[in-house]
Amino acid sequence: MADTSNSVLFDAPGPKGRRTIRIANWIAGVIFAIVLVLILMRLHNPPQGENQLSWELWKPAIEREAWTDFYLPGLWATIRATIVAVIGAVAFGLVFGVGRLLPNIVIRSISAVIVEFCRAVPVLLLMIFFWRWFAFAGMPSPSYWAVVLALVLYNGSVVAELVRSGVGNLPNGQREAAVALGLTETQSLMQVEVPQAVYAMLPAAVTQLVVVLKDTALGSIIMYTDLLQESRRLGSMYFNILQTLVMAAVIYFVACWLLSRLAEWLPERMQQRTAAPAEPEPVAPIAIMDPSNVNQIAVAKEVKELPLGGTPRKYHVHHRGTNASIRNWRRTRYEQGYDETHPESQVDPLTGEFPAARKAAEDEKAAKAKAVRAKRKAEAEAADGADRHGDKAAHHTDAMPEHNPVFKHGNDVGKGHPNLGGKPKI
């Protein structure tokens, strides 16, 4: 089935629209190529300067000594400041984000003022302020701690807003259910709402790592020896500042790209986890915009029809998937777990059979066979009893004496015997 995920917010273009888009893409590609050629020509032959594309300028920027003495130490300084700033920003954001949600108006007001102030003041201004303060106080590595603290305050305020928005987006029934169970508003916030909000904000928090990594480059202004500062030092030594900055840009791009992939992978990983088994449904779901209704057809095939035309009601584990994966719903249903409430929903993915249904059919067949045997035994016993009763009745008839005939008036009994009924002779 065609993928319609890209046409949710706009209609899919027709043949004329696709032709227009194709022409526009070709024109944009040609313009980009022309601009790139003009830039390379200008770098190759600048009006007043040296050829910036010569190998003599690029060689010091990519040789081994440049990596071991400048790029890698600068990258490590950037990563070290990023890690400490991220940990501090998460702690800062959780504390003041929860503080803005507490029912205490004093704590909520103080947290709101701190968060809004840190969001409003520029990061570079915070770095310069803390750098001068730590330098006058005689603190070791003032530029490093100034960079870290400034990033903690700014990005921590962003994380605090993420926590607050995450709790605000939860259904109202979460707090109502917690309060109905006897929890206070603070307990509901800390034990029910905030854990869900933190779990939901993780993708956005990982995306914020990219911002922290890039903002460490502002520390070069206060003489912090990060990747940008080391690249500028290398360029000032060989008078190839353009080449060293290009290499620094490539390193920044690779690091930010890896973090972006992590931010995309994390939501997909989180969606695979569920807090509880899925609810059962009477039948398999109908795929949206699927005219074949393959799930309903599969259910109709797997259920045996009753003699009168009806079918027994079957319950199936809830299927989660798109129209493309819903065709394999038997295997997916099996992998999602066993539904104890409806064991007939369990299916073996290898054979496609229902073990519980097969066992029920075997039990039913055995019960029918047992009933047939019992019926035959009962009939045999009844027949044997009837035979014994007949023999007994015949024996009783033979043993009884012969009864006198019944004489009726007007019959011919005694005819031909004139002396019958007379007086005996003496």
Looking across segment 180-196 at residues that are among the small types (Gly, Ala, Ser) and either part of a helix (DSSP H, G or I) or under 19 Å from VAL86 (Cα atoms) (or both), the single one that is farthest from the chain's Cα centre (by Cα) is ALA180
For segment 226-266, the count of residues that are assigned to a helix (DSSP H, G or I) and under 28 Å from TRP55 (Cβ atoms) equals 28
Practice task
Might you let me know whether segment 150-173 holds any residue that is over 18 Å from ARG100 (Cα atoms), small (Gly, Ala, Ser), open to solvent by less than 20 Å² (accessible area, probe 1.4 Å) and part of a helix (DSSP H, G or I)?
Solution key: yes
Exactly one of GLY166, GLY97, GLY173, GLY138 is touching a Lys or Arg at 6+ places or on another chain (Cβ under 8 Å) and more than 24 Å from ALA255 (Cβ to Cβ), and that residue is GLY97
Among residues of segment 53-78 being touching a residue at least 24 places away in the same chain (Cβ under 8 Å), under 18 Å from LYS214 (Cα atoms) and of a type in the set (A, V, I, L, M), the residue least open to solvent (accessible area, probe 1.4 Å) is ALA77
At pLDDT 90 or above and open to solvent by 100 Å² or more (accessible area, probe 1.4 Å): is that true of ARG22 in this structure? yes
- Message: Given the condition in contact with a Cys (Cβ under 7 Å, 6 or more places away or on another chain) and open to solvent by 30 Å² or more (accessible area, probe 1.4 Å), answer yes or no: does some residue in segment 134-149 qualify?
- Response: no
How many residues of segment 82-108 are open to solvent by less than 60 Å² (accessible area, probe 1.4 Å) and either assigned to a loop (DSSP other than H, G, I, E, B) or out of contact with any helix residue (DSSP H, G or I) (no Cβ under 9 Å at 6 or more places or on another chain) (or both)? The answer is 3
A careful count of residues in segment 187-224 that are of a type outside the set (A, V, I, L, M) and open to solvent by 60 Å² or more (accessible area, probe 1.4 Å) gives 7
Among residues of segment 126-179 being touching a residue at least 24 places away in the same chain (Cβ under 8 Å) and of a type in the set (Val, Ile, Thr), the residue nearest to ARG80 (Cα to Cα) is VAL148
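The values are calculated or read from the model by the stated rules, or taken from the named source; none is laboratory data. This structure is a prediction, so every number in the text was calculated from the model and none was measured. Note that we place each Cβ from the backbone using ideal geometry, even for glycine, and neighbour counts take in every protein chain shown. Note: areas computed on protein heavy atoms with side chains; ligands, DNA, RNA excluded. Shrake-Rupley method; radii C 1.70, N 1.55, O 1.52, S 1.80 Å.
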